[in-house]
1. Give the residue that is surrounded by the fewest Cβ atoms within 10 Å (Cβ to Cβ), with candidates limited to residues of the stretch 77-86 that are in contact with a strand residue (DSSP E or B) (Cβ under 6 Å, 6 or more places away or on another chain) and part of a loop (DSSP other than H, G, I, E, B).
2. For the stretch 179-215, enumerate the residues that are assigned to a loop (DSSP other than H, G, I, E, B) and either at pLDDT 85 or above or crowded, with 20+ Cβ neighbours inside 10 Å (or both).
3. Among the strands (runs of 3 or more DSSP E) lying completely within the stretch 87-131, list those that include at least 3 residues that are touching a residue at least 60 places away in the same chain (Cβ under 8 Å) and either over 10 Å from the mean Cα position of the chain (by Cα) or crowded, with 18+ Cβ neighbours inside 10 Å (or both).
4. Take the stretch 149-178 and flag every residue that is outside any strand (DSSP E or B), on the phi > 0 side of the Ramachandran plot and in contact with a strand residue (DSSP E or B) (Cβ under 6 Å, 6 or more places away or on another chain).
5. Residues being part of a loop (DSSP other than H, G, I, E, B) and surrounded by fewer than 18 Cβ atoms within 10 Å (Cβ to Cβ): count how many of those fall in the stretch 60-76.
6. Is it the case that residue 162 is without any contact (Cβ under 8 Å) to a residue 40 or more places away in the chain and under 21 Å from residue 80 (Cβ atoms)?
7. Search the stretch 180-194 for residues that are on the phi > 0 side of the Ramachandran plot and pair each with any residue that is in a loop (DSSP other than H, G, I, E, B) and buried (at least 16 other Cβ atoms within 10 Å of the Cβ) when their beta-carbon atoms are under 9 Å apart and the residues are at least 6 apart or on different chains.
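The values are calculated or read from the model by the stated rules, or taken from the named source; none is laboratory data. Note that the structure is a prediction, hence the values are computed from the model and not measured. Quick reminder, even Gly has a Cβ in these numbers, built from the backbone with ideal geometry, and neighbours come from all protein chains shown.
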């Protein structure tokens, strides 16, 4: 197990020859790969990536901040956090901020899990990600107390199952994209506020679900768009 700690620490201890990869402004000039180990990022850590670099997750990543001392993933046109689909690692994040990715890149992208592990993101903010704030594909996922703002698409869930509740999707081009979502006792979408989208509040495709305590407010173009055999209960 590897731990990265220290309040407001900028230099990532897991990068070999870190002094050569981190410039005087604290920007990381390398892809940081979480691979072959369990990695924990502790409260107060800030990771700032230079343009063109990303955090690649191939094993278990735990980024657990606190309400008073969050963990920040940031940079200058960096490429976000990508969980590799060909490994069995899981992502667990709480009290984090993910921000300022490059055009077309996602704040956090999780794609599949070979052994069916369950990812979780709680009490986390995604902002200023010109691609997608949070994108989950082919995965088991728990999301709660999430805010996504200033992104092309706030939240994109594709063939994903899980518990999704207490979300605010604000000031995105599209607030929510939901495709191939089949609701059951363990998979639901509750208590979601989608507001001030410039193009679409929500786009729901090939899905069956109940919108329970879901509010769409002040979305400028289309409030709710359903596509291709979608069944909704309001």
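1. We begin by selecting, within the stretch 77-86, every residue in contact with a strand residue (DSSP E or B) (Cβ under 6 Å, 6 or more places away or on another chain); these are 78, 80-83, 85.
Then drop every residue that is not part of a loop (DSSP other than H, G, I, E, B), which leaves 80, 85.
Numbers: 80: 26, 85: 14.
Only one residue fits best here, namely 85.
2. Correct list: 180, 181, 196, 197, 198, 199, 206, 207.
3. Result: empty, no element qualifies.
4. We begin by selecting, within the stretch 149-178, every residue outside any strand (DSSP E or B); these are 150-152, 159-160, 171-173.
Applying the additional criterion that residues be on the phi > 0 side of the Ramachandran plot yields 150, 159, 171.
Result: 150, 171.
5. 5
6. no
7. So the pair list comes out as 180/160; 180/206; 180/207.
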